[in-house]
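The values are calculated or read from the model by the stated rules, or taken from the named source; none is laboratory data. Since the model is a prediction, treat every value here as computed from it, not as a measurement. Neighbour counts are summed over all protein chains in view; Cβ atoms, including those assigned to glycine, are modelled from backbone coordinates with ideal geometry.
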Amino acid sequence: MALTVSVAEIVERSNNPLLGKADSWGRVLLGEVATIQNGFAFKSSQFTKDAGMPLIRIRDVGKDATDTRYVGEYDPAYLVNAGDLLIGMDGDFNSARWHGEPGLLNQRVCRITLTSDIYHPKLLDYALPGYLKAINEMTSSVTVKHLSSKSIAAIPLPLPPMEQQESIVAEIEKQFSRLDEAVANLKRVKANLKRYKAAVLKAAVEGKLTEEWRKAHPAIEPASKLLGRILAERRAKWEEAELAKMEAKGNAPKTDKWKAKYKEPAAPDTTGLPELPKGWVWASYDQVGKLQLGRQRAPKYHSGPNMRPYLRVQNVFEDRIDLSDVMEMDFPPSDFAKYELKPGDLLLNEGQSPELLGRPAIYQGDLPGACFTNTLIRFKAIEGVIVQFALHVSRHYMHSGRFVDEGTITTNIAHLSVGRLATVEFPLPSSAEQARIVGEVDRHLTLIRETETQVDTNLKRAERLRQSILSGAFSGHLYSSLMQAAS
């Protein structure tokens, strides 16, 4: 929907400090000092990804890049060059200078071009976002908000004398420069923390975190015995279950030939794999856990007598389950028994963007009675395998790209099938060393999380400070402070 009150009313009623309240300055309508050019409705049938002219759409404003190109003829009047000021006229009403390669101005994007020398271009850049935000907040909407060029032209900009405009712009840029340097440092710290986290996970699954621990515990049972015991117990449980089925049907076997039907879990291909620490052994996901794909969604399950919450790829993030958007569908008793999640189940994204394929988290039982869909793979750790250790192995494989190597990619979405995950190599230490590794990883990652929290807090503080600088600029306080400092 469009604006329901005039822009003048918005400025009058708004408490937004960025709208300019210095009474001595006066105001000028944006349309009196600039032209507002609406974009053109280029034919979508001539959009491409890899040929033609770049097409600047609403989603590209502020990004300086576009993944859409246009192969048809166009009017040069709609050509956007670096430095042009653009406004997205739907959604959030964002504005930004275009710094990408020359492109075409698509519909619902407009270009602002100053036609008068009474307004400083950079002051306009700083002033516009506050007005667009206020307009957005006062625009009613059921679906997508729309902004008209008429409303943009009616924006009543504060109009200080040019000498004051130049001083204000210079001071804003000086303060922003210091702030940008601080923000850049914070972002570098955040990037370094991300790399450090990946390094911790890598060191964990390679045994480097517990080198000294192994030296102090030379008598720990080697993982080869643990794996042998796991495989023997899996076979024994299968035989016990099969024998019970046959006896229940009155078909007690007379020989042991039926045991030949047992299918051993897939072993990994160790060709080219690095040497593991002493006492470790290469296993596979299929050998150390039970893998299962969730149930497919279908219209017949949209309603029914057994509605249950279910988790999907949108709920599983790295090392956390997000329950803010949980859906329901019908799970008859037989399906519920098969797909019900239990605390300690490790869930991995089956389909994701490549860099996030296999993103894992442990279900802790926070949503009792929940099931899962076929966008997720469940891994149930076998006794002797600590699920938190399996989580860290999976996180490492996500960050290192190992899951991508094993997956298939279609239209920018990667898929990791149960069959492919089953044969992925799994570095297996003893249960005691697994526990030690989990404790060491948790200690390192806790420190990382605490530092990340501090960085995020300071980034938010920097953004508040940025808004405070602009508020001072358009209230007149910033210029007054400059004059007092100069006197």
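Annotations
- Top-ranked residue in segment 255-292 [being basic (Lys, Arg) and assigned to a loop (DSSP other than H, G, I, E, B); ranked as farthest from GLN388 (Cα to Cα)]: LYS263
- Residue selection: PHE317 fails the criterion of being aromatic (Phe, Trp, Tyr) and buried (at least 19 other Cβ atoms within 10 Å of the Cβ).
- Residue match in segment 293-302 (condition: in the same structural domain as PHE389 (by TED's automatic domain parsing), in a loop (DSSP other than H, G, I, E, B), under 30 Å from ALA370 (Cα atoms) and in contact with a Leu (Cβ under 8 Å, 6 or more places away or on another chain)): yes
- Residue match in segment 112-122 (condition: among the hydrophobic types (A, V, I, L, M, F, W, C), part of a loop (DSSP other than H, G, I, E, B) and at pLDDT 90 or above): yes
- Of all residues in segment 37-63 being part of a loop (DSSP other than H, G, I, E, B) and aliphatic (A, V, I, L, M), the one that is nearest to LEU128 (Cα to Cα): VAL61
- Of ILE377, ILE448, ILE386, all but one fail to be surrounded by 20 or more Cβ atoms within 10 Å (Cβ to Cβ) and modelled with pLDDT of 95 or more; the exception is ILE377.
- Every residue from segment 311-333 that is within 19 Å of LYS380 (Cα to Cα) and more than 14 Å from the chain's Cα centre (by Cα): LEU311, ARG312
- Flag if ALA153 is outside the structural domain of ALA473 (by TED's automatic domain parsing) and either hydroxyl-bearing (Ser, Thr, Tyr) or within 30 Å of ALA51 (Cα to Cα) (or both): no
- Check on LEU186, modelled with pLDDT of 95 or more and outside the structural domain of GLY439 (by TED's automatic domain parsing): no
- The set of residues in segment 253-269 being at pLDDT 90 or above, more than 16 Å from LEU231 (Cβ to Cβ) and either surrounded by 10 or more Cβ atoms within 10 Å (Cβ to Cβ) or under 42 Å from the mean Cα position of the chain (by Cα) (or both) consists of TRP258, ASP269.
- Strands (runs of 3 or more DSSP E) completely within segment 399-487 that count 1 or more residues being among the small types (Gly, Ala, Ser): 413-415
- Any hit, segment 414-422, residues being in the same structural domain as THR375 (by TED's automatic domain parsing), surrounded by fewer than 17 Cβ atoms within 10 Å (Cβ to Cβ) and more than 24 Å from GLN292 (Cα to Cα): no
- Residue count for segment 234-261, restricted to those that are in contact (Cβ under 8 Å) with a residue 24 or more places away in the chain and in contact with an Asp or Glu (Cβ under 7 Å, 6 or more places away or on another chain): 0
- All helices (runs of 4 or more DSSP H) inside segment 135-252 with 3 or more residues being within 27 Å of the chain's Cα centre (by Cα): 162-205
- Residue within segment 120-133 that is under 30 Å from the mean Cα position of the chain (by Cα), among the acidic types (Asp, Glu) and buried (at least 16 other Cβ atoms within 10 Å of the Cβ) present: yes
- Restricting ASP319, ASP256 to those that are in the same structural domain as PHE426 (by TED's automatic domain parsing), of a type in the set (Asp, Glu) and closer than 30 Å to THR411 by Cα reduces the list to ASP319.
- The C-beta contact set for segment 162-180 (first residue under 15 Å from PHE474 (Cβ atoms) and without any contact (Cβ under 8 Å) to a residue 60 or more places away in the chain, second residue in a helix (DSSP H, G or I) and of a type in the set (A, V, I, L, M), distance under 8 angstrom, 6+ apart or interchain) comprises GLN165/LEU123; VAL169/LEU123.
- Leading residue by the ranking (surrounded by the most Cβ atoms within 10 Å (Cβ to Cβ)) among those in segment 57-86 that are more than 21 Å from the chain's Cα centre (by Cα) and of a type in the set (D, E, K, R): ARG57
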